[in-house]
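Chemist: Quick one: structure below, then a few questions.
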Amino acid sequence: LVGHSVSGMVGVLAANREPKRFSHLIMIGPSPRYLNDGEGYTGGFEREDIDGMLGAMEQNYSGWAAFLAPQVMANPERPWLTFELEESFRATDPVIARQFAQTLFYSDHRADLAKVTVPSLVMQCADDVVAPRSVGEYLRDNLPNAQLYRMNATGHYPHLSAPEETVSAIQSYLRTRAA
């Protein structure tokens, strides 16, 4: 399974339930917990940050999309990528997007990591405000049989901003595992 962001964690849950259906998990920018917990885990966000984001989604969804897209794309030299992402956000029903964001950003799947029996690759982007460096390290240290690959790509969407690097890292991992 190759999963980006929350899809990587969905892969963790699926692999825990049906491990024989997976040979590997490849997760691009995943996070088991987005909130900092004050007990040594840094997920990248304080509760106030998430509450503010959810409020902005309710009050001015289009403005929220315009604000968030450049932050998470983190490729200012290629504004068309930000524009495409912003348009993708805007194409989503605001009510559903807010419900999804609330569920996602308040979830905690750290306890699910230790149960994974499938070899895993965690792909960590540079300058990713959604899944910061500390999250990649946490996954490497708490996900059995996991490798961490630090990408040169910036932002949270390397499959859009750096598809060659993304594909190359996946292929390299699979070749190494096959050997």
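The values are calculated or read from the model by the stated rules, or taken from the named source; none is laboratory data. Predicted model, so just to flag it, every value in this text is computed and none were measured. Every residue, glycine among them, receives a Cβ derived from its backbone with ideal geometry; neighbour counts consider all protein chains shown. Side chains are part of the model used for accessible areas, which takes the heavy atoms of the whole protein and leaves out ligands, DNA and RNA. Shrake-Rupley method; radii C 1.70, N 1.55, O 1.52, S 1.80 Å.
Chemist: If each residue of separation counts as 0.36 nm, what is the full-extension length gain between H159 and L104 once their alpha-carbon separation is subtracted?
Modeler: Working: separation 55, 0.36 × 55 = 19.80 nm, distance 2.06 nm.
Separation in residues times 0.36 nm, less the Cα-Cα distance, equals 17.7 nm.
Chemist: Measure nothing but the geometry: give the 0 to 90° angle between the long axis through the Cα atoms of 94-105 and the longest principal axis through the Cα atoms of the chain, rounded to 10°.
Modeler: So the helix axis and the longest Cα principal axis differ by about 40 degrees.
Chemist: Once a ≥ b ≥ c are taken as the square roots of the eigenvalues of the Cα gyration tensor of the range 25-65, is the result rounded (a/c under 1.5), prolate (a/b larger than b/c) or oblate (a/b not larger than b/c)? Each step should come with its number before you reach the end.
Modeler: On the way: a/c = 4.39, a/b = 1.47, b/c = 2.99.
Oblate, since a/c reaches 1.5 and b/c is not below a/b.
Chemist: Next question, about the same structure. Which GluC sites (Glu not before Pro) in the range 33-72 sit in a loop by DSSP (not H, G, I, E or B) and have at most 15 other Cβ atoms within 10 Å of their own Cβ? Mind dumping the intermediate values first?
Modeler: Details: sites: E39, E46, E48, E58; in loops: E39, E46.
Qualifying residues, ordered by number: E39, E46.
Chemist: A further question follows. Which of M73, M151, M27 moves most in a GNM of the chain, Cα contacts under 10 Å?
Modeler: Of M73, M151, M27, the most mobile in the Gaussian network model is M151.
Chemist: Enter the angle in degrees (range 0 to 90, nearest 10) between the Cα long axis of helix 79-90 and the first principal axis of the Cα atoms of the chain, meaning the one along which they spread out most.
Modeler: The angle comes out at about 80 degrees.
Chemist: Need one number: nm distance between label points at F83 and L13, each 7 Å from Cα along Cα→Cβ, rounded to one decimal.
Modeler: Going by the 7 Å Cα→Cβ label model, 3.6 nm.
Chemist: When the Cα centres of the range 139-166 and the range 1-53 are compared, how far apart do they sit, in Å?
Modeler: When both Cα centres are located, 13 Å separates them.
Chemist: Rounded to the nearest 20 Debye, what is the dipole magnitude of the chain about its Cα centre when Lys and Arg each give +1 and Asp and Glu each give -1 at the C-beta? Before the final figure, lay out each step's value.
Modeler: Numbers: 15 positive and 21 negative charges, 181 e Å.
Taking the Cα centre of the chain as origin, the dipole is about 880 debye.
Chemist: Using the heavy atoms of the protein chains and a 1.4 angstrom probe, tell me the accessible area per residue for the range 1-119 in square angstrom.
Modeler: Numbers: 6390 Å² over 119 residues.
Accessible area per residue: 54 Å².
Chemist: Quick one, which of (i) 19.1; (ii) 17.6; (iii) 16.8 is the actual Kirkwood radius over Cα pairs in Å calculated for this model?
Modeler: Only one listed value fits the structure, namely (iii).
Chemist: How big is the dipole moment of the range 19-120 about its Cα centre under a simple scheme where the beta carbon of each Lys and Arg is +1, that of each Asp and Glu is -1, and everything else is neutral? Debye, nearest 20, please.
Modeler: Roughly 580 debye, rounded to the nearest 20.
Chemist: Starting from the 7 Å offset along Cα-to-Cβ, what nm value, one decimal, do you get for the label separation of A126 and Q147?
Modeler: 2.1
Chemist: Between D51 and S134, what is the FRET efficiency for a Förster distance of 25 Å, r being their Cβ-Cβ separation, to the nearest 0.05? The partial results should precede the final answer.
Modeler: Details: r = 21 Å, r/R0 = 0.85.
E between D51 and S134, to the nearest 0.05, is 0.70.
Chemist: Then there is this: Assign one of three labels to the range 1-85, namely rounded, prolate or oblate, based on the Cα gyration tensor with a ≥ b ≥ c the square roots of its eigenvalues; rounded applies when a/c is under 1.5, prolate when it is not and a/b is larger than b/c, and oblate otherwise. Walk me through the numbers on the way to the answer.
Modeler: Details: a/c = 2.29, a/b = 1.45, b/c = 1.58.
Oblate is the answer for the range 1-85, as a/c is 1.5 or above yet b/c matches or exceeds a/b.
Chemist: How much mean residue ellipticity at 222 nm does the chain get from its helices, if each DSSP H run of length 4 or more adds -39500 (n - 2.57) and you divide by all residues, to the nearest 500 deg cm²/dmol? Write out the running numbers ahead of the final one.
Modeler: On the way: 9 runs with 96 residues, N = 179.
Using -39500 (n - 2.57) per qualifying helix, the result is -16000 deg cm²/dmol.
Chemist: Considering only protein heavy atoms and a 1.4 Å probe, what is the carbon-and-sulfur percentage of the accessible area of the range 1-157? The partial results should precede the final answer.
Modeler: Working: 4160 of 7930 Å².
Roughly 52 percent, rounded to a whole number.
Chemist: For the range 159-173, what does the Karplus curve 6.51 cos²θ - 1.76 cosθ + 1.60, with θ = phi - 60°, yield as ³J(HN,Hα) per residue in whole Hz, taken in order and with x for Gly and Pro?
Modeler: 5, 9, 8, 9, x, 5, 5, 4, 5, 4, 5, 5, 4, 4, 4
Chemist: Right, next: Describe numerically, in nm with one decimal, the distance between label points set 7 Å from Cα along Cα→Cβ at A91 and at A178.
Modeler: 3.3
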